[in-house]
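Participant: I have a structure here, written as structure tokens, and I will follow up with some questions on it.
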């Protein structure tokens, strides 16, 4: 009787050790697959009008004015979620006066590039150094009167921006740009 209890305990012990060994072996393989696998690839020039309509809806311009997607980029994701996505969208109409009308309860939503508030300025500074999409104006290029910036989402870790989703427009040629980056 005592022998059966010892044997049963030993078998449970082996089962638990086997389970943990399997997890210890499979977890790194799973993480490698998720990081380098077939679903985590960089894509360029892939987006359709349907893929980018949320950008114009987020900032209040409306998807019905999309003419075409000129450029698109989607980076691979790191295990920590680091990435960069970007779009360049040509729209049928874009007037500077309508950007000032798009506000939420009296708050400014669109900032002219040379008149950014502190939050929008930090988000624009965060865009410096991303080189994956050479067609995308970033950093100091946005700090001119030619661009209007809509900071949709800016995430800070302490005083440092670690993630930003920016929509900005260049009214001169009716272009809308979208930047989504995380480090």
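What follows is calculated from the coordinates using simple rules that are stated; it is not laboratory data. No experiment lies behind these values; they were computed from the predicted model shown. In this analysis, Cβ positions are derived from the backbone assuming ideal geometry, glycine residues included, and neighbour counts consider all displayed protein chains.
Participant: I'd like the orientation of helix 49-58 relative to the chain: the angle between its Cα long axis and the longest Cα principal axis, in ° from 0 to 90, rounded to 10.
Facilitator: Between helix and principal axis, roughly 70 degrees.
Participant: At 0.36 nm per residue, minus the direct Cα-Cα distance, what do residue 17 and residue 118 gain on full extension? Give it in nm, one decimal, please.
Facilitator: Fully extending the segment from residue 17 to residue 118 adds 30.9 nm.
Participant: With viscosity set to 1.002 mPa s at 20 °C, what whole-number translational diffusion coefficient in µm²/s follows for the chain from Stokes-Einstein and a Kirkwood radius over Cα pairs?
Facilitator: In µm²/s, the coefficient rounds to 112.
Participant: Okay, next question. Per 5 Å bin from zero, what fraction in whole % of the C-alpha pairs of the stretch 90-183 is there, up to the bin with the longest pair?
Facilitator: 3, 14, 26, 26, 19, 9, 3, 1, 0
Participant: Place the peptides 158-166, 71-79, 12-20 in order of packing, highest mean first, counting for every residue the other Cβ atoms within 10 Å and averaging per peptide.
Facilitator: Going by the mean number of other Cβ atoms within 10 Å, highest first, we get 71-79, 158-166, 12-20.
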